[in-house]
Every structure is written in structure tokens, then in C-alpha cells.
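These notes are about the structure you will find just below.
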Amino acid sequence: MEKVLFLAFCDAEGNLPKTALEALSAAKAMAEGLGGDWAAGLIGGQVQAGSNRIAGCGAGKIFGVSGDDFASARYASDAAAMEAICRASGATVVVGPADSRLSRVLAGVAQRLEGRVDAEVTAISTEGGQPAVTRWFYRQRMMGVVKRQQRPWLISIASGCFAPGQGEPGSAPVEAVVVELPDAAKRTTVAGIEAPSADEQTIRPDAKLLFVAGAGWTKKQPDGKAHVDDAETLILGFIKNAKASLGSSKSLVDLSGEGQQVLSFMTHLNQIGQTGATPRHPKGLAACCHGEEPHVVGWRFINERRAINLDPNCGWAQGKADVLYVADAFAVMSKVNAMLE
């Protein structure tokens with residue numbers, strides 16, 4: 001019989017982020033579908049708060065690896081902690097969130113356990129008593145259903161695909177798993193964290209709106225001149241006032257390599273589609289994009305998609321956006337910012 005383990009990293013306060021609670025829902029659903037027992041595993045500087053948060057989730061046991069050595073992300077210590085919890089729980093299927101910390105070590109832990117791994121899973125099923133997962137391939141152009149015989153099977157859940165777990169908080173004991181780290185595993189240390197202020201932050205995964213900027217913002221406007229400074233002011237003003245997240249087409253973030261003016265705050269971290277992210281926000285608004293297929297694929301999971309473009313025959317007019325505003329993005333966003341202020 002399969003034994004499912006939910007595995008996640010706690011934050012600095014010992015709590016579980018939203019992505020972890022989404023993976024908790026997936027793990028619980030899989031365990032209930034298979035009719036077996038399941039457990040939870042938490043890793044971090046402190047894990048009791050996270051354990052209490054999921055006290056009513058139904059897990060038979062909650063394993064924990066905690067201490068200063070596990071407070072910050074580090075491959076050697078994170079991999080050792082994950083391996084120890086997997087072995088202690090005897091899990092055959094391990095489910096966790098596809099966040100940056102877990103994703104970095106997932107494949108390595110699978111290799112140590114002689115198991116298999118599937119990342120960025122978007123759905124699970126237990127039909128016929130056999131676990132199966134759904135995931136996308138080739139930059140979300142093909143969808144496949146995967147079943148595996150090899151165990152343990154380590155699975156990471158893409159964010160936004162499951163509702164966060166809503167187990168009743170309470171007091172749940174943690175069964176401590178002791179991990180002795182050799183000195184070689186402690187060579188990497190965290191000297192500090194550099195992060196922008198809340199107003200300067202442009203990537204907000206939990207934002208209700210995703211604003212996508214295209215290369216048209218840096219092109220010549222009707223007066224024959226480029227207005228990159230004005231574009232920066234309009235875009236940042238909207239992101240700040242609407243508390244939106246900022247995305248970009250690949251053509252825009254690549255402009256610096258072509259010797260053209262670029263938006264100073266735009267990096268490849270903002271890129272969606274092709275080699276970028278595949279966000280899942282409730283609503284999306286694209287401006288000065290021209291319907292490049294890779295970019296469109298990148299935001300295919302946005303629930304409501306709107307775009308602004310002067311060309312009524314652009315790619316967005318061919319069914320890729322729910323609503324297309326045929327207008328000048330500079331003029332539209334100026335009025336929108338004035339309304340928001």
C-alpha cells in the first residue's frame with residue numbers, strides 16, 4: 001500500500017507559505033484516494049508553528065528537522081534533511097510545493113533514495129488505486145499523464161493548481177528527526193538578504209492582476225521618438241497603485257543585447273513564456289505585446305486576459321485575449337494611473 005508524505009520548508013517564523021498549503025491539499029487528496037495513511041514532514045529553523053497550523057489536516061505523524069543549520073536554504077543541509085525525513089517516514093510517494101528551495105534539491109534527493117521525480121505537477125489522480133500525475137511538457141505546449149512503478153516517487157506541485165489546505169489549527173507534536181551534518185555540509189553560509197522594498201517589488205505571485213509589458217513600450221511613438229522614461233513611469237506607477245505583478249515578453253528583456261533602450265527595472269525574472277514563468281493570476285492585462293505565440297503560451301493559465309494594442313489585427317485579436325482594447329497604451333495607462341491615484 002502506498003504511503004504518502006507531505007514535505008515542505010517553513011519560513012523564518014516557522015510558518016508554512018501558501019504554496020506549501022496548496023501542496024498539502026494535493027498530498028491529502030492523493031492519500032485519501034489511495035486509502036492509505038499519510039504523514040507530514042517540515043524543515044526549517046523552527047517548525048512548531050507550521051505543525052500547529054496543519055494540526056487538523058489528518059496526518060498520522062508530523063516529522064520535523066529543525067535548528068539553525070536548517071533555517072536558510074543550502075543544498076547540502078536541505079538535501080540531508082529531506083532524505084532523513086523520507087527514510088524515517090517510509091514514504092513511497094512524497095509531495096511538496098514547487099518552490100525554489102525544494103525544487104533545487106528534489107532531483108538530488110530522489111537520486112539518493114534511488115527513486116524518481118516529477119516536477120511542476122498540475123493535477124493528480126488515483127483512479128484504480130494507482131497514483132498518476134498530470135504535467136506539461138515543452139513549455140506548456142503538451143500535457144501528459146505520468147504513472148511510475150519506481151518508488152519512492154517525489155512530486156512537486158505547481159503553485160495555483162490546488163486550493164490551500166484548510167485544516168483546523170491546533171497543537172500538534174513534532175517527531176524530531178536528528179540530522180548530523182558534517183563540516184563539509186556547512187561550508188556555504190548566508191551573509192544576508194537583499195530585497196527591494198514593498199513599493200519596488202515587481203514580482204508578486206499572489207497579486208490578483210498580472211500586467212505584461214511588451215517591446216512596443218521602447219519603440220518609436222507617433223512623434224518619431226522613443227519615450228522609454230515615460231514608459232517606466234507609467235508602468236511602475238500602475239504596478240505600485242494596482243498592487244499588480246509585472247511580467248514581460250521575451251522580446252522586451254532581450255532588447256539590451258540588441259543595443260536598444262530597455263526598461264531599467266525589467267529582468268529575465270519578469271519573463272513569461274518560452275524560458276520564462278507560467279503565472280496563474282486571476283486576471284491579466286498586456287500592453288504593447290504583439291501576440292507572440294511563446295508569450296501567449298506563457299500566460300495561458302490566466303483566467304481573464306485583456307490586452308491593449310493599436311493594431312486591431314495583432315495576434316491578440318485572434319482569440320488569444322478575452323478583450324482587446326484598440327488604443328494607444330501610453331494614453332490608456334496615463335488615464336488609468338490618474339484614476340488609481
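The values are calculated or read from the model by the stated rules, or taken from the named source; none is laboratory data. No experiment lies behind these values; they were computed from the predicted model shown. Backbone-built Cβ (ideal geometry, glycine too); neighbour counts: all protein chains shown.
Just a few scattered comments:
- Per-region count, segment 68-96, residues polar (S, T, N, Q) and buried (at least 24 other Cβ atoms within 10 Å of the Cβ): 1
- Take the conditions (1) in contact (Cβ under 8 Å) with a residue 40 or more places away in the chain; (2) part of a loop (DSSP other than H, G, I, E, B); ALA81 misses just one of them, which is (2).
- Residue check, LEU102 in contact (Cβ under 8 Å) with a residue 24 or more places away in the chain, crowded, with 24+ Cβ neighbours inside 10 Å and closer than 20 Å to VAL121 by Cα: yes
- Failed item, numbered, when PRO152 is tested on (1) surrounded by fewer than 18 Cβ atoms within 10 Å (Cβ to Cβ); (2) more than 27 Å from PRO282 (Cα to Cα): (1)
- Candidate set from segment 266-288 (those that are part of a loop (DSSP other than H, G, I, E, B) and under 12 Å from the mean Cα position of the chain (by Cα)); member that is nearest to LYS250 (Cα to Cα): GLY276
- Residue match in segment 58-67 (condition: at pLDDT below 95, surrounded by 23 or more Cβ atoms within 10 Å (Cβ to Cβ) and in contact with an Asp or Glu (Cβ under 9 Å, 6 or more places away or on another chain)): yes
- Residue within segment 244-255 that is at pLDDT 90 or above, assigned to a loop (DSSP other than H, G, I, E, B) and either surrounded by 15 or more Cβ atoms within 10 Å (Cβ to Cβ) or not assigned by TED's automatic domain parsing to the domain that holds GLU304 (or both) present: yes
- Residues that are of a type in the set (Phe, Trp, Tyr) and within 17 Å of ARG101 (Cβ to Cβ) were ranked within segment 33-80; the one that is nearest to the chain's Cα centre (by Cα) is TYR75.
- Some residue of segment 286-293 being among the charged types (D, E, K, R), modelled with pLDDT of 85 or more and either assigned by TED's automatic domain parsing to the domain that holds ALA215 or over 16 Å from ALA213 (Cβ atoms) (or both): no
- Evaluation of VAL177 against the conditions (1) surrounded by 15 or more Cβ atoms within 10 Å (Cβ to Cβ); (2) free of Cβ contacts under 8 Å to residues at least 24 places away in the same chain; (3) not small (Gly, Ala, Ser) shows that the sole unmet condition is (2).
- Selection status of PRO205, under 19 Å from the mean Cα position of the chain (by Cα) and more than 30 Å from LYS3 (Cα to Cα): yes
- Scan of segment 166-215 for residues that are out of contact with any Lys or Arg (no Cβ under 6 Å at 6 or more places or on another chain), within 30 Å of ILE235 (Cα to Cα) and among the acidic types (Asp, Glu), ordered by number: GLU194, GLU200, ASP206
- Beta carbons closer than 6 Å, at least 6 apart along the sequence or on distinct chains, pair a first residue in segment 15-40 that is over 10 Å from VAL4 (Cα atoms) with a second that is in a helix (DSSP H, G or I) and of a type outside the set (A, V, I, L, M) for ASN15/GLY50; LEU16/GLY50; LEU16/ARG53.
- Of all residues in segment 191-240, those satisfying the criterion of being in the same structural domain as ALA331 (by TED's automatic domain parsing), loosely packed, with under 11 Cβ neighbours inside 10 Å and either of a type in the set (A, V, I, L, M, F, W, C) or assigned to a loop (DSSP other than H, G, I, E, B) (or both) are PRO222, ASP223, GLY224, LYS225.
- Segment 26-51: number of residues that are surrounded by fewer than 21 Cβ atoms within 10 Å (Cβ to Cβ) and assigned to a helix (DSSP H, G or I): 6
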